[in-house]
Amino acid sequence: MADPSTYRPAPGAIPTSPGVYKFRDAHGRVIYVGKAKSLRPRLSSYFQDLAGLHPRTATMVTTAASVEWTVVGTEVEALQLEYSWIKEYDPRFNVKYRDDKSYPELAVTLDEEYPRVQVMRGAHKKGVRYFGPYGHAWAIRETVDLLLRVFPVRTCSNGVFKRARQVGRPCLLGYIGKCAAPCVGKVSADEHRALAEDFCDFMAGRTGNYLRRLEEQMREAAAELEYEKAGRLRDDIGALKRAMEKNAIVLADATDADLLAVAEDELEAAVQIFHVRGGRVRGQRGWVTDRVEDVDTAGLVEHALQQLYGGGESVPREVLVPALPDPAEPVREWLSGLRGSQVDLRIPQRGDKKDLMATVQRNAQQALALHKTKRASDLTTRSRALQEIADALELDSVPLRIECYDISHLQGEDVVASMVVFEDGLARKSEYRRFQIRGFEGQDDVRSMHEVISRRFRRYLQEREQTGEWAVPEEDEPATGARDDEGRPKRFAYPPQLLVVDGGQPQVAAARRALDELGIDDVALCGLAKRLEEVWLPGEDDPVVLPRSSEGLYLLQRVRDEAHRFAISYQRNKRSRRLTAGELDSVPGLGETRRRALLKHFGSLKKLRAATVDELCEVPGIGRRTAQTVAEALSSCTPAAPAVNTATGEIIEDGAEQAAEPVAAAPQTAPSQETP
């Protein structure tokens, strides 16, 4: 635990300008990012008596080892830079609303010659009209299915569309009247675009005039005794009304607004957002986060707005919130800049908008209650598990970062290893790594474990060399994945407090030997044996046996099982690629796209093998140098033995080869078990 006075800047050295500041820990990792209208009083507030600080703030300043700042011109620039750094550094003590999915939207690709209606996720594209977001993709498809009988816009992919044009026959939707079939010329491009624009107008809320026009056409058809046409129009009107019922009007003035509500307690906060477009609720989303930062409701609202709109979400004309950020004007200017016009950021005071805000607030409270029901005592359980591990292994502090390693192979072939990372008892999948064992061939789990641990911590030493803290051995490969020293997460730069290996005494001894060879003595080590779930420590003849009901044992088992899963999946994938490799896979510089192009052009490997360099050059994307490389590689390969029909003994002619790369058959072996 660091003393904040050891890195406190001199009061006169801190500017009074607006800016953004970063706290770093002893490893140089950014742990907190903040902004201030005036840096001097804000930073000075962190270095008062620890007893007067909020417990979370006190934990942050004692974890930190240094502080730095960047001066900007305005508070709006500070807001933008703060959000950028939070996204870049992922600081531990900042509130982060982690949305576990991207929300689907209904998109109309008006930038294409024949616009298409489809479900899209992610960043918005230029020339595409979006409606939503929706909570579920099936909600979009239900709405589209109702509207296609009235607005038969194409929904097929570009590949299906091109195929239909080639064969001159539409898809099923074209036959049943849910697509105007522009692919076969039933409507022109202009007529189809008009349908797409009517579809967009209806989705935008301009429904009254269109429904009245359909009702008038229905009455005219009935008056002229065209009852079939009148019946179709009646059904169309019914479909449109059912689609409208799915998005009931909540604001009579056709408002475009986002309503944001927050429900919170001392440990967690839940955010709910309603997207209202054209007076109708078009979508809903929500997040729940741990309150690792000491902020009030206004601060939570500001962080939520940064997370919501900083990632490219479109900004409506009104943003309604339960509390205004302090100060609110920089946030309002930032939102207006993103939209390109004035944005009204305010608290609803009366009328329908206040009533709808109350509904959003109830949803936020229910979401928080449901989250707590699902994760009852989860934070307490994780803390207890880490403390039990620390007590059982006699560690100086709880292991906030745990790394686990596992070896996997199939009878000594395709030997690989996995590294999984758990921080604060939760999986950190972005930092998982996988290794190919390349120091030797064959089956030797102990030697494999020694190699993996050596490579991982040699990379750690190499990346720490940039800070001057460690001397680096001269051997092994360079740290090609290293980044700069600005606190960005490096591939192997952050050491674990506890290293777990899957195995017993031999694996633990191999890992200890690897650490000793590199001079690393500040990383705790243990092994978890599968048979009796015993915890082995280096140099000990007897294992540590944790109670079966121990939360610490449960956590170690989850870490070990995750490492096993990650290693097995990589080993199977590697073996599958090896067994399906063909002759063209070994050609240097020849990727998947050009391999497919060659096989498609010649039809079979036999014809490709017989082709000259000039004939190979006729394939799009194949230059003369590549053609020569392919010809040389194929000429040096021994042709595969002819295939035999085992039922008749007949030799299958090579001309019957499929126009696809052959798959090498796996050798017939006795059933075997994959070794983790």
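The values are calculated or read from the model by the stated rules, or taken from the named source; none is laboratory data. Every value quoted in this text rests on a predicted model; they were computed, and no experiment measured them. Backbone-built Cβ (ideal geometry, glycine too); neighbour counts: all protein chains shown. Remember, those area values only see protein heavy atoms, side chains included, never the ligands or the DNA or RNA. Shrake-Rupley method; radii C 1.70, N 1.55, O 1.52, S 1.80 Å.
Could you state the number of Å between the C-alpha centres of segment 401-462 and segment 516-544?
16
Residue by residue through segment 501-506, what is 3J(HN,Hα) from phi via Karplus (6.51 cos²θ - 1.76 cosθ + 1.60, θ = phi - 60°)? Round to whole Hz and write x for glycine and proline.
10, 7, x, x, 4, x
Per residue of segment 406-417, what does 6.51 cos²θ - 1.76 cosθ + 1.60 with θ = phi - 60° give for ³J(HN,Hα)? Whole Hz please, x for Gly and Pro, Karplus curve as stated.
Rounded to whole hertz, the list is 9, 10, 9, 6, 10, 6, x, 9, 6, 6, 9, 9.
Can you list the HN-Hα couplings for segment 316-329, worked out from phi with the Karplus curve (6.51, -1.76, 1.60; θ = phi - 60°), rounded to whole Hz and with x for Gly and Pro?
Each residue's phi maps through the Karplus curve to give x, 5, 10, 10, 9, 9, x, 8, 7, x, 10, x, 8, 4 Hz.
Highest mean first, what order results for 413-420, 538-545, 591-598, 197-204 on Cβ atoms within 10 Å?
Output ranking for 413-420, 538-545, 591-598, 197-204: 413-420, 197-204, 591-598, 538-545.
For segment 277-351, which whole percent of the accessible surface, found with a 1.4 angstrom probe, sits on carbon and sulfur atoms? Could you put the intermediate results ahead of the total?
Numbers: 1270 of 2920 Å².
For segment 277-351, the apolar C and S fraction of the accessible surface comes to 44 percent.
Given R₀ = 35 Å, what would the calculated FRET efficiency be for GLN443 paired with ALA610, taking r from the Cβ atoms and rounding to 0.05? Intermediate results must be reported in sequence, preceding the final value.
Working: r = 42 Å, r/R0 = 1.19.
That gives a FRET efficiency of 0.25.
Restrict the search to segment 13-95; then list the chymotrypsin sites (Phe, Trp or Tyr not before Pro) that DSSP places in a loop and that have at most 16 other Cβ atoms within 10 Å of their Cβ.
On the way: sites: TYR21, PHE23, TYR32, TYR46, PHE47, TRP69, TYR83, TRP85, TYR89, PHE93; in loops: PHE93.
In loop regions of segment 13-95 (DSSP not H, G, I, E or B), there are no sparsely surrounded chymotrypsin sites (Phe, Trp or Tyr not before Pro).
Evaluate the distance, in nm, between pseudo-label points positioned 7 Å from the Cα of ALA194 and of GLU632 along their respective Cα→Cβ axes.
According to this spin-label approximation, the distance is 6.3 nm.
At 7 Å along the Cα-to-beta-carbon direction for both SER44 and ARG8, put a label point, then send me their distance in nm to one decimal.
1.1
Residues with amide H under 5 Å of THR255's amide H, sequence separation 5 or more or different chain, H placed in the peptide plane at 1.01 Å from N; which?
Correct list: GLY279.
Residue separation times 0.36 nm, minus the C-alpha to C-alpha distance between ARG141 and ALA597: what's the value? Walk me through the numbers before you get to the answer.
Numbers: separation 456, 0.36 × 456 = 164.16 nm, distance 3.56 nm.
Difference between extended and current length: 160.6 nm.
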